[in-house]
Amino acid sequence: MLLILVACSQGNEANSTATAATDTATATSTSAPNVPPPPVVVTVQNSPRYGQVLADGTGRSLYIFMKDKPAQGSACTGDCANEWPPLVASQQPNGGSGVDASKLGTIDRPDATKQVTYSGWPLYRNKDDKAPGDTKGEGVKGFGAEWYLISPAGTQIEKSGAKTGSS
């Protein structure tokens, strides 16, 4: 009987050690601080065809949708947002060189994300722009209105005839 008690006692010690190790690992993995994602950066890039245009931090051109009204929200949701992904941020965006940081802001989207704005205009990318500097969305008419690149001044860039796009 004594031998059984010793074996049970040793088993409990092993279980206690395993439980303590598990608790320590759990505490370590859950106590790591939540690191927020880096802020979204809006930059200026030089387009050979359109001059200075706003771009995201990866160099993808940014567009405005003429169906939107500055500072009043986004009119592009659902299929529209799949073709024209909104530039979203979890915190106030930053402006790179040539960007007027006072013109940057955010609006609330219906899906509870925050969309980056410039001069009140919600900003979007075009799904057909694959590389930095692509401007395939300039002048496209789709989803009920035209899409234009946006200048560092916060105005639409319109240097080509409207092209037909998806709607």
remark   = Scanning segment 49-107 for residues that are in a loop (DSSP other than H, G, I, E, B), at positive phi and in contact (Cβ under 8 Å) with a residue 40 or more places away in the chain gives G59, A71, G73, G98
request  = Filter segment 122-134 down to the residues that are buried (at least 22 other Cβ atoms within 10 Å of the Cβ) and assigned to a loop (DSSP other than H, G, I, E, B), then identify the one that is nearest to the chain's Cα centre (by Cα).
outcome  = L123
ask   = Right, S119: surrounded by fewer than 17 Cβ atoms within 10 Å (Cβ to Cβ), of a type in the set (S, T, Y), out of contact with any Asp or Glu (no Cβ under 7 Å at 6 or more places or on another chain) and farther than 18 Å from Y50 by Cα or not?
value = no
message = Among the numbered criteria (1) assigned to a loop (DSSP other than H, G, I, E, B); (2) surrounded by fewer than 18 Cβ atoms within 10 Å (Cβ to Cβ), which one does G137 miss?
response = (2)
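For (1) at pLDDT below 50; (2) within 15 Å of the chain's Cα centre (by Cα), each residue gets a yes or a no:
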| site | (1), (2) |
| --- | --- |
| A21 | yes, no |
| T24 | yes, no |
| T43 | no, yes |
| R49 | no, no |
| Q52 | no, no |
| G73 | no, no |
| D79 | no, no |
| L87 | no, yes |
ask   = Would segment 146-160 turn up any residue that is more than 18 Å from G51 (Cβ to Cβ) and aliphatic (A, V, I, L, M)?
value = no
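The values are calculated or read from the model by the stated rules, or taken from the named source; none is laboratory data. In this text the structure is predicted, and so the values were computed from the model without any measurement. When we count neighbours, we look across all protein chains shown, and the Cβ atoms used for this are built from the backbone with ideal geometry, even at glycine.
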